[in-house]
Ligand code: NAI
């Protein structure tokens, strides 16, 4: 694939913002689009602010900052994405929403454009099946926060063209991340293996074995995880994680070891999503976190 591309990021939330930042810093032109009015513009401001921190810390000079800033655009309509080479969606984790989006994108982009999904847990082949050219569709699964988590899963669905997998691997590598190619299996690699952390953490809580912060502490310090399950759920957002848990459980034919915890639905209903709502398993004020009573 060529050096510098026009990349579109659709969905300007937690993940979309990080993906915009990553590829703009890697020298690509990035167009950000969101169906919620004003969200793309806010995301661009946020990303520019994050990149600006590099200037304050002396990691980036002012000219370079201006050059990167000039590469980031908020798209007003989907039509603005027409000449993008790689389009990466990071919208809500909902199969029908992603299928509808890809169908709309196919109507505006060139036949050669690559369509990638940042889905955490949906079957990429089912997203691709909505497209006239499923061979151009793959998964491209980043982790939060995208600029710091230097690995991404490239998911090859049954009909994904090998050249598309190679192009996405190169794109990821060119941005300084490592790519792991995974099969289109439930949860791919991370969200399959990661069930052990989340599901068992939630089971321990259900069984009243210990408190949220004690479970996090022991898994972080003794088991060597960078974050405990509840810290990670708060970072990801329980709204997103609950969908991932249900999706993986269903894809594994309701295998009991993947059964989502009954502790989750009431907390989702109450809006206790985590950092993004100021309260999840912990309470947040700015960067400060309080242990629940
Ligand atoms: P989010 O809720 O922060 O952002 C989603 C954005 O998509 C919102 O700005 C919303 O307005 C927009 N949106 C929704 N439907 C749209 C549509 N049809 N067209 C255009 N924009 C639309 O969600 P988040 O956390 O960024 O997750 C996005 C995707 O990334 C999901 O598929 C999720 O499973 C996946 N993911 C999330 C991770 C996380 O840690 N939060 C990690 C890895 C993947």
Can you list the helices (runs of 4 or more DSSP H) lying wholly within segment 76-195 that have 1 or more residues being closer than 16 Å to residue 28 by Cβ? 162-174
Residue, farthest from residue 116 (Cα to Cα), within segment 6-20, restricted to residues that are buried (at least 24 other Cβ atoms within 10 Å of the Cβ) and near the ligand (Cβ under 6 Å from one of its atoms): 12
Need the failing condition index for residue 84 against (1) more than 21 Å from residue 123 (Cβ to Cβ); (2) free of Cβ contacts under 8 Å to residues at least 40 places away in the same chain, just the number. (2)
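Residues to consider are 154, 181; find the one that is in contact with a helix residue (DSSP H, G or I) (Cβ under 8 Å, 6 or more places away or on another chain), away from the ligand (no atom under 16 Å from the Cβ) and modelled with pLDDT of 95 or more. So that I can check it myself, show each step before the final result.
Details: 154 fails: away from the ligand (no atom under 16 Å from the Cβ).
Going through 154, 181 in turn, just one is in contact with a helix residue (DSSP H, G or I) (Cβ under 8 Å, 6 or more places away or on another chain), away from the ligand (no atom under 16 Å from the Cβ) and modelled with pLDDT of 95 or more: 181.
Just one of 90, 97, 116, 62 is more than 16 Å from the ligand (Cβ to nearest atom) and outside the structural domain of residue 241 (by TED's automatic domain parsing); which is it? Can you show your working first?
Values: 90 fails: more than 16 Å from the ligand (Cβ to nearest atom); 97 fails: more than 16 Å from the ligand (Cβ to nearest atom); 116 fails: more than 16 Å from the ligand (Cβ to nearest atom).
It is 62.
What residue, of 125, 74, is touching a helix residue (DSSP H, G or I) at 6+ places or on another chain (Cβ under 7 Å) and touching a residue at least 24 places away in the same chain (Cβ under 8 Å)? Steps first, answer last, please.
On the way: 125 fails: touching a helix residue (DSSP H, G or I) at 6+ places or on another chain (Cβ under 7 Å).
Exactly one residue qualifies, and that residue is 74.
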Taking segment 245-264 as the search range and keeping residues that are touching a helix residue (DSSP H, G or I) at 6+ places or on another chain (Cβ under 6 Å) and crowded, with 18+ Cβ neighbours inside 10 Å, which one is modelled with the highest pLDDT? 264
If I filter segment 267-280 down to residues being touching a residue at least 24 places away in the same chain (Cβ under 8 Å) and touching a strand residue (DSSP E or B) at 6+ places or on another chain (Cβ under 7 Å), which single residue comes out as surrounded by the fewest Cβ atoms within 10 Å (Cβ to Cβ)? 275
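The values are calculated or read from the model by the stated rules, or taken from the named source; none is laboratory data. None of these values were measured; they are calculated from a predicted model. Here the Cβ is made from the backbone with ideal geometry for all residues, glycine too, and neighbour counts use every protein chain on show.
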